[in-house]
Amino acid sequence: MPFRHIGSTILLATSFILAAGALVTWGIDQQIGPWAPGEVVVVTEDPSTGSSDSPAPEVEPSDPSERSRTTPPPLPPVDPSLLVPSVAGDPVRVLVSGVWINLPVVRPPLDGDGSPRFPWCRVAEWMPTKGKADGKTGVLFIYAHGRYWEFGGLLDKTPKQMLGQIIEVDVLPKATGATLLRVRYRVIEVRQHISTWADIADVPNGRVILQTSETDRHDGTKMVVIGKYIDTTTSTRPVPVAKPQICE
C-alpha cells in the first residue's frame, strides 16, 4: 500500500471505532433519553432546619381517581410477552403526594428483544443496576415520560413546592403470598436541566430518584426529584397490573 494512503486508512479506522462507541453509549442512555448539554440548577431544603420555605406539602400519596380527567387517551398496547417479570424486592408501584402520580413500575425490557421504542407510557420504569428499593442499597432510580399520565405532575409544581412531598414505593415481599411492603421517602432536593450521569453521581445511597424529561423531546434535558429514605411498613394496596402502552 502506498504510504500516502496509510494516514487515510488510519483515520477511517478510527472513525469506525468512535462511531461504534457512540452507538453503544446511545443505546445505554436511550433508556432515559439521550443527554443534551445544560446548566444544572439545584434546589434543596436548609439542612440545618429541614425547612424549604415552601407551602406545606401534602403528606399522603395522590389519589388519581380525584383527577378531573380520569380516562387517558388510548395508545397501542405493548405485547405482554415483552414485560420482564418482577421478582421479590422489586418496586411495583410509585406514588407521589400532591402531584397526581400513581403508576405501576416495571423492569426495562431485555436488550435486543425487538420491543417498541422505550420507555413505554402508562407505567414507570426502574433501573435494577442502580440500586434496590430497600432504602439502603444504592439509589432507586425510577423514570417515566414527562406527560400528564406519567411523571408530568413533577413538572406542574415549582422545585420548592416539591420539597417535603412524600414518595411511596410499593415493593414485592420476599415471602410468597405476603403483603406488599411500603417504602417511604421525603423529597429533599430537586435538580433541573440534568444532562449527564455525572450530574447525579454524588447522590448517596438510601435515596430514590424520580427522573423525567423537561421537554417534549426525548433528547432534551431532564429533571430529577430526590427523596431521602424514611421508613418501611406494609402496604394496604394490591399489586398493580401493569399495562404499558406504546408512546406516540
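The values are calculated or read from the model by the stated rules, or taken from the named source; none is laboratory data. Source: prediction; values computed, not measured. FYI the Cβ positions are ideal-geometry reconstructions off the backbone, even for glycines, and counts take in every protein chain you see.
Structure values in brief
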| item | result |
| --- | --- |
| Residue match in the range 181-196 (condition: more than 22 Å from P73 (Cβ to Cβ), in a loop (DSSP other than H, G, I, E, B) and touching a Ser or Thr at 6+ places or on another chain (Cβ under 9 Å)) | yes |
| Scope the range 189-248; condition touching a helix residue (DSSP H, G or I) at 6+ places or on another chain (Cβ under 6 Å) and polar (S, T, N, Q); matching residues | T212 |
| Residue match in the range 200-212 (condition: at positive phi and under 16 Å from the mean Cα position of the chain (by Cα)) | yes |
| Pick from the range 151-185, criterion under 20 Å from P238 (Cα atoms) and of a type in the set (V, I, T), ranking: surrounded by the fewest Cβ atoms within 10 Å (Cβ to Cβ) | T176 |
| Residue among I226, I194, I209, I188 that alone is crowded, with 17+ Cβ neighbours inside 10 Å and without any contact (Cβ under 8 Å) to a residue 40 or more places away in the chain | I226 |
| Matching option when the condition is surrounded by 21 or more Cβ atoms within 10 Å (Cβ to Cβ) and at pLDDT 95 or above, among P104, P91 | P91 |
| Residue among V123, V183 that is among the β-branched types (V, I, T), over 15 Å from the mean Cα position of the chain (by Cα) and farther than 19 Å from V42 by Cβ | V183 |
| Condition broken by G206, with the remaining ones in (1) touching a Lys or Arg at 6+ places or on another chain (Cβ under 6 Å); (2) farther than 24 Å from G89 by Cβ; (3) not aromatic (F, W, Y) satisfied | (2) |
| Test for L163: is it assigned by TED's automatic domain parsing to the domain that holds W100, within 17 Å of L95 (Cβ to Cβ) and more than 16 Å from the chain's Cα centre (by Cα) | no |
| Near pairs, Cβ below 9 angstrom, 6+ apart or cross-chain, from the range 72-87 (touching a residue at least 40 places away in the same chain (Cβ under 8 Å)) to any residue that is among the small types (G, A, S) and in a loop (DSSP other than H, G, I, E, B) | V78/S115; L83/A242; S86/A242 |
| Any hit, the range 215-231, residues being aliphatic (A, V, I, L, M), more than 15 Å from the chain's Cα centre (by Cα), in a strand (DSSP E or B) and in the same structural domain as D134 (by TED's automatic domain parsing) | yes |
| From the options Y148, Y143, residue that is in the same structural domain as P204 (by TED's automatic domain parsing), buried (at least 21 other Cβ atoms within 10 Å of the Cβ) and among the aromatic types (F, W, Y) | Y143 |
| Residue that is within 17 Å of H145 (Cα to Cα) and acidic (D, E), where the choices are E214, E189 | E214 |
